[in-house]
Amino acid sequence: MAKSGPPPIVFILLFLFLAGGGWFFFLNKPASQDVSNNPPTPTPAGDVVPLPVAPVVGRASPVAASSFALPASVPAGTTVRIQGSTSMVTINLNLKNGFQAKFPGTRVDSKANGSAKGIQDLVAGTADIAAVSQPLTAQEQGQGVAAVPVALDTIALVVGINNPFKGG
């Protein structure tokens with residue numbers, strides 16, 4: 001009886017590729033900087049953390065934002081609208097679940113129609129957050145949009161040795 005399916009080495013290489021990608025993702029996060037000039041504030045646990053710049057909904061602060069702080073409270077009935085990239089769906093779902101758990105009575109509506117649509121809706125005021133998977137253009141920055149990185153990713157193409165593609 002003939003074996004079917006790929007040889008075991010394919011599964012081993014796939015595992016190593018995924019493990020290496022996970023290692024790269026979790027250990028190569030960008031250094032966070034406090035760009036606010038605000039004094040540190042203590043957390044309920046007593047830790048001291050810098051208070052970062054919080055961009056106004058969809059608008060850039062005078063200083064480039066590298067992060068933002070969650071508000072202490074949000075009125076019940078508040079809806080946050082997220083529009084953007086399909087590659088941000090999982091991150092948006094986690095943000096939604098965390099936000100709604102922290103602030104009961106709130107709702108997060110998330111749509112994934114692409115980065116360009118997310119920025120377009122943000123500028124038009126029909127979205128509160130644009131979840132994009134590309135750098136902002138000078139034109140977008142000129143419209144007052146500020147980027148707050150939440151993750152970095154790397155894309156690699158892996159070609160088997162028997163594939164006729166040899167580069168170039």
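Take the solvent-accessible surface of the protein heavy atoms, probe 1.4 Å, and return the percent of it on the range 77-168 that carbon and sulfur atoms account for. Within the range 77-168, the accessible surface is 57 percent carbon and sulfur. Here VAL150 sits with roughly 90 square angstrom of accessible surface, probe radius 1.4 Å.
The values are calculated or read from the model by the stated rules, or taken from the named source; none is laboratory data. Since we're looking at a predicted model, the values are computed, not measured. The area values use the complete protein model at the heavy-atom level, side chains included, leaving out ligands, DNA and RNA. Shrake-Rupley method; radii C 1.70, N 1.55, O 1.52, S 1.80 Å.
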